[in-house]
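**Student:** Sharing a structure here in structure tokens format.
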Amino acid sequence: MEDSILKRYADDLTAVEYITNPAIAREKEIKNLILVLLTPEKSAVLVGKPGIGKTAIVEGLAYKIQRNDVPIALQRFKILRINTTSLLGENDEENRVLKLVEELKNQDKIILFIDEIHTLIGNGSLDLANMFKEGLSRGSIKMIGATTTDEYERYILRDKAFMRRFDKVDVLEPTPEMCVQILMQTLPKIEKQTGAILPYTDFVKENIMKFIVNMTSEYKRIYEISSRYPDIALVVLRQAFSNAIYENKNQVGFKNIYDAIRFSKAVYPDVIKKELEVFKETFKEELAQENVIVDSVNYLHD
């Protein structure tokens, strides 16, 4: 029996075990996404800056489908994320894409998710977008694409026929308050993934998250990094966990958080220097309780 292209090049997001809701504070975007998918002959493209959680919104929809927390018309749908890099990265790619389109014709209740969907527009002799147009126009294939604002304007807007079949869903950067909420609710996932915990009260945890969010605010970020909330803050939080694991610890201490801040590559060095002083003052009691000493070169040791 011939191999299934879907089985080989797609991941089922609705089969993933989610520890927490992947799309915290994104109900508005998920509702807009659902409304587009319920519209006959329409698919959706999520558009926003890098690092703001476009993929998380699609995972959030998969999470809601798992729980039947969607309109009846979307219940029991599968969301399949296509690995376009692998699909287009080997010989005979055109034949594989045609097989994929044919295979989809015989599928029911399938939504394709394609990240960086701009890569499918005008791809030389192989234009994947063109190959999907027939299925999209009939409504037999539903699709969610994701791309950045710049790439949407540079590539996708040029293809008018493709755009007629897609409705844009704008994804804005979360506010600082939303980002704190995202970090707090993503924490259980990071703890399960790493096997380490952040062993503080919710009050202290929230203050840690507020500090990380504040130190990665817009004008403190290195411009070339081009990342936004929540990713830029999540990187710092995950690095603190990595620091603890490196030390063979199953608890993340303030030394680990301090070092994650100190070595951040997303924030300007002069900002880091100032933020470290704020950190020492803000968490003075916690640092003292853990017998963590700050010396003259801004380094912490037990």
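Here, each number is a calculation from the coordinates, and none is a lab measurement. Note that the coordinates shown come from a computational prediction; the quantities given were computed from them, not determined experimentally. Cβ: placed from backbone, ideal geometry, glycine included. Neighbour counts: every protein chain shown.
**Student:** Report, by chain and number, residues whose modeled amide H sits under 5 Å from the one on F166, excluding near sequence neighbours (fewer than 5 apart, same chain).
**Tutor:** Those lying under 5 Å, H to H, from F166 are S43.
**Student:** Rounded to whole Å and sorted largest first, what semi-axes of the equivalent ellipsoid does the C-alpha gyration tensor of segment 161-290 yield via the square root of 5 times each eigenvalue?
**Tutor:** Numbers: eigenvalues 167, 65, 37 Å².
Whole-Å semi-axes of the equivalent ellipsoid: 29, 18, 14.
**Student:** DSSP loop (so not H, G, I, E, B), at most 10 other Cβ within 10 Å: list which GluC sites (Glu not before Pro) in segment 18-102 pass both filters. Provide the component values of the computation, followed by the final result.
**Tutor:** On the way: sites: E27, E29, E41, E59, E90, E93, E94, E102; in loops: E41, E90.
Passing both the DSSP loop test and the Cβ count: E90.
**Student:** Using a Förster distance of 41 Å, how high is the FRET efficiency between D270 and E27, based on the Cβ-Cβ distance and rounded to 0.05? Can you show the working numbers first?
**Tutor:** Numbers: r = 38 Å, r/R0 = 0.93.
Approximately 0.60, to the nearest 0.05.
**Student:** Can you tell me which of G60, G48, G135 moves the most in a GNM of the chain? Springs connect C-alpha atoms under 10 Å apart.
**Tutor:** The residue that fluctuates most here is G135.
**Student:** Another question, if that's okay. Report the calculated FRET efficiency for T39 and A15 (r = Cβ-Cβ distance, R0 = 30 Å), to the nearest 0.05. Please list the in-between numbers first.
**Tutor:** Working: r = 26 Å, r/R0 = 0.86.
Result of the calculation: an efficiency of 0.70.
**Student:** Right, something else. In a GNM of the chain with a 10 Å cut-off on Cα contacts, which of V213, V204, V236 has the highest mean-square fluctuation?
**Tutor:** Its mean-square fluctuation being the largest, the pick is V204.
**Student:** Treating the angle as unsigned and between 0 and 90°, give the value, to the nearest 10°, between the Cα long axis of helix 202-215 and the longest Cα principal axis of the chain.
**Tutor:** So the inclination is approximately 80 degrees.
**Student:** Could you run the Debye sum over the Cα atoms of segment 5-170, one equal point scatterer each and no solvent, and tell me log10 of I(q)/I(0) at q = 0.09, 0.15, 0.17 Å⁻¹, two decimals?
**Tutor:** -0.27, -0.79, -1.04
**Student:** For segment 14-63, what is the per residue volume of the convex hull drawn over the alpha-carbon atoms, in cubic angstrom?
**Tutor:** Numbers: hull volume 4.1 nm³, N = 50.
Expressed per residue, the convex hull around the Cα atoms of segment 14-63 is 81 Å³.
**Student:** Taking 27 Å as the cut-off for C-alpha to C-alpha distance, list the pairs among K54/K249; K7/K160; K31/K220; K192/K255 that go past it. Could the numbers behind the result be given before it?
**Tutor:** Values: K54/K249 33 Å; K7/K160 31 Å; K31/K220 32 Å; K192/K255 21 Å.
Correct reply: K54/K249; K7/K160; K31/K220.
**Student:** Another question about this same structure. Would you please give the residues with an amide H less than 5 Å from that of M143, counting only those at least 5 places away or on a separate chain, with H modeled from the backbone geometry?
**Tutor:** Result for M143 returns A44, L112.
**Student:** Then there's this: Pick out which of S217, S86, S264 has the largest mean-square fluctuation in a Gaussian network model of the chain, springs linking Cα atoms closer than 10 Å.
**Tutor:** S86
**Student:** Tell me what the chain gives for mean residue ellipticity at 222 nm when only DSSP H runs of n ≥ 4 count, each as -39,500 (n - 2.57), the sum divided by the residue total, rounded to 500 deg cm²/dmol. Before the final figure, lay out each step's value.
**Tutor:** Values: 14 runs with 146 residues, N = 302.
My calculation for the chain gives -14500 deg cm²/dmol from helical runs alone.
**Student:** Would you mind computing, in nm to one decimal, how far apart the modelled labels at K7 and N248 are, each placed 7 Å from Cα along Cα→Cβ?
**Tutor:** Calculated label separation equals 4.4 nm.
**Student:** For segment 2-92, which trypsin sites (Lys or Arg not before Pro) pass both filters: DSSP loop (anything but H, G, I, E, B) and at most 15 other C-beta atoms within 10 Å? Show your work: numbers first, answer last.
**Tutor:** Details: sites: K7, R8, R26, K28, K31, K42, K54, K64, R67, R76, K78, R81; in loops: R26, K42, R67, R76.
The qualifying sites are R67, R76.
**Student:** Let me check I've understood the local charge: for E191, count other residues with C-beta under 12 angstrom from its C-beta, Lys and Arg +1, Asp and Glu -1. What total comes out? Don't skip to the end; give the middle numbers.
**Tutor:** Working: positive: K189, K192, K205, R238; negative: none.
Residues near E191 contribute +4 overall.
**Student:** Continuing with this model, one more query. Have a look at N130, T55, F263 and report the one farthest towards the positive end of the charge dipole of the chain, computed about the Cα centre with Cβ charges (Lys/Arg +1, Asp/Glu -1).
**Tutor:** So the residue furthest toward the plus end is N130.
**Student:** With r defined as the distance between the Cβ atoms of N207 and D170 and R0 fixed at 22 Å, what FRET efficiency is calculated, to the nearest 0.05?
**Tutor:** On the way: r = 32 Å, r/R0 = 1.44.
For N207 and D170, the calculated efficiency is 0.10.
**Student:** In square nanometres and to one decimal, what's the mean projected area of the convex hull around the Cα atoms of the chain?
**Tutor:** Details: hull surface 71.8 nm².
Answer in nm², one decimal: 18.0.
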